[in-house]
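One structure is given below, encoded as structure tokens.
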Amino acid sequence: MLGHPVAENPIDRMFDAVYAHYGLPWQFWKCDVASEGELAAAVAGVKALGFAGACVTVPYKVACLPYLDASDDDVLAIGAANYLTVEGGRWVGHNNDGKGVVKAIEKVTPVRGKRVAMLGAGGAGRAMAMELAWAGASHLTLITRREAQGVEVAHLVQKASGVPAEWRQWSDDVVIPDGTQILLNATHLGCAPDLERVPVDWESIPSSLTVVDVITNPRITPFLAMARDKGCPIVEGVEMLVQLAMQIFEQWTGIEPDEPVFQRAVAEALGE
């Protein structure tokens with residue numbers, strides 16, 4: 001994995017446990033790439049050292065694209081990559097962030113026909129917005145601090161899917177738009193060890209609204225804990241991680257994994 005920071009992400013312990021289960025002499029390494037200026041060297045180094053692939057996490061999912069040899073259709077549509085494979089000696093970019101979150105959400109509630117609000121629209125958020133639209137969401141509201149980012153992703157969603165999408169300014173405690181049925185935190189607020197509060201107006205969130213977080217450590221973030229206390233159905237970032245990691249594992253190894261293997265591995269990685 002290439003990203004910054006990466007220390008609290010349980011993905012390496014999860015993957016190593018799964019590799020061991022399937023008898024593979026593989027290891028998953030987390031590499032903290034301190035700045036975008038070092039990203040080109042990091043990507044070249046991973047390729048030169050003969051790795052089978054790599055995951056890409058914040059803040060490099062968009063920045064990594066110029067250093068790839070090719071990208072799949074998802075990356076071309078979304079404009080971000082979250083994992084790489086080596087194919088014929090070339091680095092090929094892929095993106096299944098959104099596929100993972102859709103699978104996780106649909107274990108709790110259907111996406112089709114739902115109005116979705118999303119906090120943040122970075123590399124992961126771009127993919128999630130696109131996949132939620134492709135999965136049949138009826139409307140997307142992108143709430144970001146940076147107007148250019150939110151407007152860009154809203155335009156991208158409408159152009160690629162035809163689903164109406166709008167940008168709203170994130171300032172102070174966010175009031176969630178009336179009629180929202182799924183609320184997704186696509187920021188890093190709430191990640192261990194800082195456990196920062198996600199600034200939303202909880203009075204604007206009804207108990208019928210499904211609340212989703214992308215954070216993987218801790219499993220129950222302060223954001224999800226507040227939602228659960230209000231009686232909202234919740235979707236954990238850990239579930240999203242499992243869904244997308246299974247797809248990546250199969251792409252890298254050619255082995256179709258059993259989901260309980262990944263669920264046990266991530267629980268152990270989190271010390272549960």
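The values are calculated or read from the model by the stated rules, or taken from the named source; none is laboratory data. Worth saying up front: this structure is predicted, and the values here are computed from it rather than measured. All Cβ positions, glycine included, derive from the backbone under ideal geometry; neighbour counts span all protein chains shown. The protein model used for the area step is the full one, side chains on, heavy atoms only, and it has no ligands, DNA or RNA in it. Shrake-Rupley method; radii C 1.70, N 1.55, O 1.52, S 1.80 Å.
Just a few scattered comments:
- Answer from A54, A40, A44 - the residue that is modelled with pLDDT of 95 or more, open to solvent by less than 70 Å² (accessible area, probe 1.4 Å) and in a helix (DSSP H, G or I): A40
- Residue that is surrounded by the most Cβ atoms within 10 Å (Cβ to Cβ) [pool: residues in the range 181-217 that are of a type in the set (D, E, K, R) and closer than 29 Å to R13 by Cβ]: D213
- Each residue in the range 85-116 was checked for being in contact (Cβ under 8 Å) with a residue 60 or more places away in the chain and either buried (at least 24 other Cβ atoms within 10 Å of the Cβ) or within 18 Å of V238 (Cα to Cα) (or both), and 12 pass.
- Once the range 243-259 is narrowed to residues that are without any contact (Cβ under 8 Å) to a residue 40 or more places away in the chain and in a helix (DSSP H, G or I), the residue that is nearest to L189 (Cα to Cα) is M246.
- Selection within the range 119-159: residues that are surrounded by fewer than 20 Cβ atoms within 10 Å (Cβ to Cβ) and among the basic types (K, R). The member of this set that is farthest from T109 (Cα to Cα) is R146.
- Any hit, the range 253-260, residues being closer than 25 Å to E196 by Cβ and either in contact with a strand residue (DSSP E or B) (Cβ under 9 Å, 6 or more places away or on another chain) or of a type in the set (A, V, I, L, M, F, W, C) (or both): no
- For beta carbons closer than 8 Å, sequence separation of 6+ or different chains, a first residue in the range 49-69 that is more than 15 Å from M1 (Cβ to Cβ) and a second that is open to solvent by 50 Å² or more (accessible area, probe 1.4 Å), the qualifying pairs are Y67/A44; D69/R90.
- Pair list, Cβ under 9 Å, 6 or more apart: the range 21-34 residue farther than 14 Å from G45 by Cβ, other residue open to solvent by 80 Å² or more (accessible area, probe 1.4 Å) and of a type in the set (K, R): H21/R264; F28/R13
- Per the conditions (1) in a strand (DSSP E or B); (2) within 10 Å of A121 (Cα to Cα), the sole criterion not satisfied by A154 is (1).
- Search result, residues across the range 263-272 that are open to solvent by 50 Å² or more (accessible area, probe 1.4 Å) and in contact (Cβ under 8 Å) with a residue 40 or more places away in the chain: R264, E268, E272
Condition check ((1) open to solvent by less than 30 Å² (accessible area, probe 1.4 Å); (2) in contact (Cβ under 8 Å) with a residue 24 or more places away in the chain) across all residues:
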residue	(1), (2)
R219	no, yes
D229	no, no
V235	yes, yes
V261	yes, yes
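- The set of residues in the range 7-37 being aromatic (F, W, Y), farther than 19 Å from M240 by Cα and not in a helix (DSSP H, G or I) consists of Y22, W26, W29.
- Filtered residue count, the range 160-180, keeping only those that are surrounded by fewer than 17 Cβ atoms within 10 Å (Cβ to Cβ), at pLDDT 95 or above and of a type outside the set (G, A, S): 7
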